[in-house]
Structure formats: structure tokens, C-alpha cells
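Presented below is the structure to which this report refers.
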Amino acid sequence: MLNPLIELEKYGQSFWLDNISRELMTSGKLRKLIDEDGLKGMTSNPAIFEKAIGGSTSYDKEIERLSQLNQTATQIYERLAISDIQSAADHLAPIYDKTDGEDGYVSLEVSPNLSDDTEGTIDEARRFWKDVNRNNVMIKIPATPAGIPAVEQLISEGLNINVTLLFSQEVYEEVAEAYQRGLETRSSGGGKINRIASVASFFISRIDTLVDSLLAEQIRLCSDPAKRKLLTNLIGKTAIANGKLTYQRYKDIYSSPRWDFLTKKGARPQRLLWASTSTKNPDYRDVCYVEELIGENTINTLPDETLYAFRDHGQLSDSLEADLDEAAAIMISAEEVDISMNQIAVQLVEEGIRKFVDPYTKLLDAIEKKREQLI
């Protein structure tokens, strides 16, 4: 049987793994995913590292060694994370070379405590970029009001950036604008832009989780049969519709005369990366957020369970540009029942930052406890 993961490439889509751990790399599992399933990249975040480091003894010897050098818990975390990122980058380097820098990346996120600090984000991103010292690393920065200017500055300096926590078309356009301005600044100063890579990580399932809960509450209070039907028909549909329409904005932006000018200088489009693609609602098909967003020049980043499920029974089609009129109607209907995607986005960004701050704090606490015990 054909492997659906490998077949994604025929539709112009790459898949990356939303996970990283030392055991994944030392056990040969990562190599197997690359060789047998066509894996083309990886992403990480503080929650992933909390699970990898806090829930494993694989790092204890290094924690002990760094503790004896009087390293703080934060310094130890960064050393461990950077070491894993370097190892992953080395595993993925042949893909980076084979695809001429289109794929083969691994992402390292700046501290979630910097989400409101533009200069702090820039400084830490520069430091991570220098310390990792790999062409195929991306520094991950959230699309907050403070993060977006940092993206523009860092792109102008030639760093590869993964912009994360995007939920609305409006913020996506701000991120695409920051990317282009960064390229224009670098180009106008005589810098090369042909090797800069960036992705815009657009989150999917979290949108349905929040919107569905708001719809369910409206349905509970609604006595009008026609409106109840409208509300019911929207359940489970806004996230995919939002993604499809965002992809249309992507196509418009990267076919404009402004972009053509940058293309002539070797610029690469900032690809859309579908994030949060695991299915949170057990009533939904477990691979629906993969199957419904397959399209050219995009990436889907998959957690382990979703990856295995799609490999087992994923269905392939040119789904990303199918039923666009329906997607537009869904988003219009959502606004008509007072579901504001801009407000949804603000709430989800705040929740997303919190979901990274909490495990980041927990991880540092766990390292500190191990540090004290090992000393």
C-alpha cells in the first residue's frame, strides 16, 4: 500500500513533526521517519521540551555536569535544548541540501516570557541563532503585537523565522507584511535574501475548540429553530474554512507585483504551516485537519498520534482549494452570529502564550530540583 505521508509530496505539501526529544534521535526513530515516511522538518516549543526533559532521565548526566559548572536552571535548559536542536538539524541537513533550503528545518522557540518584549525577543533570537549555528534552524517567535516587529527586524538581519500562534487572516496579513518589509530592508542595504526561509504557523484545531464551545452555548439558549439550525451547521467548520481563506490571501500576497520584485532577487515565499492539527473533539475524524488542508507549497506539522493515524488511514485530495464558496459562507455566518475571528484570535494567542509559560516554568522548576539533587 502507498504511504499517505509520502504521497503528500505529490500535492505540494511537506509534513513536519511537532515533537523533539533526545530519545527520538538516539533510538533511530527520527531516522526511520525521514527514510520511510518522508519527514521533512521538525518543530519544538517549551511544552514539548518540558515533556522531553522533565519526563526523562536521558538528560540527567548533562544536567549534573552543567550544575557543577554553576549553570542556572535557565542556562541548563538552553544548553539541553540547543544540543537537541543541533542534533535534529544535523539529521535533517540532507533534506535541507536536497530541497535547496525549502525543507529540512527544525525550530527553537524564544522564551514565552518575552511575548510582550520586542527587544528581548530580538536579543534572544540572535543569541539562539548564533549558539545553534546551523543554516537549517528557524527561530520561533509568537505573532503578538511585540513579536511581529521582532520578526521584521530579524528577517532583515538574515535569520530564518517561524512565526507562531496565528489564528486570524488579519494577523496573518500583518505577519506577511513584516516578512516582506524585512526582506526589502535587507535587499535595499545590499544584503542577500535568497537563503532566508520563514513559515507562518497558522493554528487550526484550537479555533474549533473555542468556537464550538461558544456555538454550543448559543444553541443552549436559542429558541428560534432557524437560528439553532444555523448555529448547529457551523459546529466543527470554522477552523478549516478560516485556513482555506487564509491560503487564498497567501496566494494573492505572493503573486503581487511587490512580491515579483523580491522574487527576482531570489526571495522565497513565507509558507503557511498548519499547526495544532490534532483532533481535540473525539466526534471528529482523527485526521480531518490534515485531510482538509492539503495544498501546494504548504506544510502540516503533525504530533505523533496524528502522524501515525494519517499514515494508517489518511485520504489524499486537493482539498485546500475545494469548496471555497462554502468556506466564505461559513465565515460570514460566523460573524452574523457574533463569532468574531479577531476576538477569537486575541483570546487564543493569550491562551497559547499561557500554555507555553506554564510548562516552561514547570520545566525550569524540574531542572532546578534535579540540579539540587544531583549536586
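Observations
- The set of residues from the stretch 335-348 being in a helix (DSSP H, G or I), of a type in the set (Val, Ile, Thr) and over 11 Å from ILE207 (Cα atoms) comprises just one member, VAL346.
Table: residues versus (1) modelled with pLDDT of 95 or more; (2) more than 28 Å from GLY12 (Cα to Cα); (3) touching a strand residue (DSSP E or B) at 6+ places or on another chain (Cβ under 8 Å).
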| residue | (1), (2), (3) |
| --- | --- |
| GLU305 | yes, no, no |
| GLY314 | yes, no, no |
| ILE332 | yes, yes, no |
| ASP358 | no, yes, no |
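- Residues in the stretch 144-177 that are among the charged types (D, E, K, R) and in a strand (DSSP E or B): none.
- Cβ-Cβ contacts under 7 Å between residues 6 or more apart (or on different chains), taken from a first residue in the stretch 205-225 that is assigned to a helix (DSSP H, G or I) to a second residue that is of a type in the set (D, E, K, R), are listed as SER205/LYS280; THR209/LYS280; ILE219/ARG228.
- Hey, ILE95 open to solvent by 10 Å² or more (accessible area, probe 1.4 Å) and not small (Gly, Ala, Ser) or not: yes
- If the condition is being aliphatic (A, V, I, L, M) and buried (at least 18 other Cβ atoms within 10 Å of the Cβ), then the stretch 65-81 contributes LEU66, ALA73, ILE76, LEU80, ALA81.
- Residue count for the stretch 324-366, restricted to those that are within 22 Å of ALA226 (Cβ to Cβ) and open to solvent by 90 Å² or more (accessible area, probe 1.4 Å): 6
- LYS51 being open to solvent by 40 Å² or more (accessible area, probe 1.4 Å) and of a type outside the set (Gly, Ala, Ser): yes
- Residue in the stretch 184-193 that is free of Cβ contacts under 8 Å to residues at least 60 places away in the same chain and in contact with an Asp or Glu (Cβ under 8 Å, 6 or more places away or on another chain) present: yes
- Qualifying residue in the stretch 185-192 (condition: within 27 Å of PRO46 (Cβ to Cβ), surrounded by fewer than 19 Cβ atoms within 10 Å (Cβ to Cβ) and not β-branched (Val, Ile, Thr)): no
- Residue that is farthest from the chain's Cα centre (by Cα) [pool: residues in the stretch 214-232 that are within 22 Å of PHE167 (Cβ to Cβ) and open to solvent by 60 Å² or more (accessible area, probe 1.4 Å)]: GLU217
- Selection count where residues are over 20 Å from LYS10 (Cβ atoms), part of a loop (DSSP other than H, G, I, E, B) and not hydroxyl-bearing (Ser, Thr, Tyr), scope the stretch 270-299: 7
- Residue match in the stretch 291-306 (condition: within 30 Å of GLN75 (Cα to Cα), touching a residue at least 60 places away in the same chain (Cβ under 8 Å) and surrounded by 21 or more Cβ atoms within 10 Å (Cβ to Cβ)): yes
The values are calculated or read from the model by the stated rules, or taken from the named source; none is laboratory data. All of these numbers come straight from a predicted model, not from anything done at the bench. Counting neighbours? That spans all protein chains shown, and the Cβs are built from the backbone with ideal geometry, glycine included. Calculation scope for accessible area: heavy atoms of the full protein, side chains included, ligands and nucleic acids excluded. Shrake-Rupley method; radii C 1.70, N 1.55, O 1.52, S 1.80 Å.
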